[in-house]
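All remarks here apply to the structure that follows.
A short reminder: the numbers here are calculations on the coordinates, not readings from a lab. Note that the coordinates shown come from a computational prediction; the quantities given were computed from them, not determined experimentally. Virtual Cβ from ideal backbone geometry, glycine too; neighbours counted across all protein chains shown.
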Amino acid sequence: MGERLKDKVVLVTGGGRGFGAAIVEAVAREGADVAVHYNSSAKGAEQVAKAVRELGRRAITTQGNIASWDDCKRVVEETYKAFGRIDVLINNVGDVASDQMSWRDITEESIDHILAVDVKGTMLMTHECGMRMVEAKSGVIVNIGSHVVLNGSPRAPQYAAAKYGILGLTKSYAAALGPYVRVNTLGPGFIETERTVNREDWKSGRREAYIQRTALKNVPKPEEIVGSVLYLATDDSANVTGTFLVCNGGYSMAGA
């Protein structure tokens, strides 16, 4: 157990499974009380919240479709009602169009969905929490993006476009909410979640090709990436805002 987030309140979107669940546990281990947001994974969210309580921290679950402004307002309001404040927002929710194997298979429905969840949802949650954080003169927002913005995605261009949009939101809100609120984006590569390992391309050679190209020759599990989230969420990054932190094992080595 650490103390970098001792007695802070953290709202994690998409905290009921996968990388989000690992983030929830990590912030709880650093001393935070947690609001575990979910859309459809109610059972998973409650299991994650139970684990937080077993660590001696408080936890609630809160449901909502973040592509809906009314739902975002309700999620934030429920968190404030339970805890009185939000110190850290971690925008983890996102969709990658994992069932789409080629740009030729793109649909208007998929474009609308990815942009609504990844861009609109991230913006709405940032906006709602950011306003309250500015009033409180304190807060941190961490957006979970993707390294896909460095090289694009010939498989799913709508996904790359959405994650690039998050960079624009990050820089814009970092400027708008400063000096009281810091806003940054983490750009991980592939993470070995259940969703990833069940992808058709992952099971037919993409995993091996990805590992071959990374300097660290590894596909990390969620718990291997959460340290980078904690860095951005805590005072360890006290002078960092409006930035994009790549975390992909050396798959992409961007210039300065």
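Can you give the relative contact order of the stretch 1-140 as a percent, counting alpha carbon pairs under 8 Å and 6+ residues apart? Walk me through the numbers on the way to the answer.
Details: 242 pairs, mean separation 32.7, N = 140.
It rounds to 23 percent for the stretch 1-140.
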**Contour minus Cα-Cα distance for E77 and R195 (0.36 nm per residue)** = 39.5 nm
**Request:** Round to the nearest 0.05 the FRET efficiency obtained for M131 and K221 when R0 = 25 Å and r is the Cβ-Cβ distance.
**Result:** 0.10
**Message:** For K217, give me every one of the lysines with a C-alpha distance below 22 angstrom, ignoring sequence neighbours fewer than eight places off in its own chain.
**Reply:** K203
**Asked** Efficiency by 1/(1 + (r/R0)^6): what FRET value for E54 and D99, r their Cβ-Cβ distance, R0 = 41 Å, to the nearest 0.05?
**Response** 0.70
**Prompt:** Would you list M131, M123, M253 from fewest to most Cβ contacts within 10 Å?
**Reply:** M253, M131, M123
**Asked** Per residue of the chain, what 222 nm ellipticity follows from adding -39500 (n - 2.57) for every DSSP H run with n ≥ 4, rounded to the nearest 500?
**Response** -13000 deg cm²/dmol
**Asked** What's the center-to-center distance, using Cα atoms, between the stretch 39-54 and the stretch 194-237 in Å?
**Response** 23
**Complete:** Rounded to the nearest 10, the angle in degrees between the Cα long axis of helix 122-136 and the longest principal axis of the Cα atoms of the chain comes to 30
**Message:** What do you get for the angle between helix 42-54 and the principal long axis of the chain? Use alpha-carbon atoms, 0 to 90 degrees, nearest ten.
**Reply:** 50
**Asked** Where does each of 47-56, 137-146 land if you order them by average Cβ count within 10 Å, highest first?
**Response** 137-146, 47-56
**Asked** Could you name the lysines in cross-link range of K43, using Cα to Cα under 24 Å and dropping any fewer than eight places away on the same chain?
**Response** K73, K81, K221
**Asked** Where is the GNM fluctuation largest for the chain (alpha-carbon springs, 10 angstrom cutoff): A82, A160, A67?
**Response** A82
**Angle between the chain longest axis and helix 18-29 axis [Cα atoms, degrees, rounded to 10]** = 30
**Prompt:** Given a cut-off of under 8 Å on Cα pairs at least six residues apart, what relative contact order in percent is computed for the chain?
**Reply:** 18
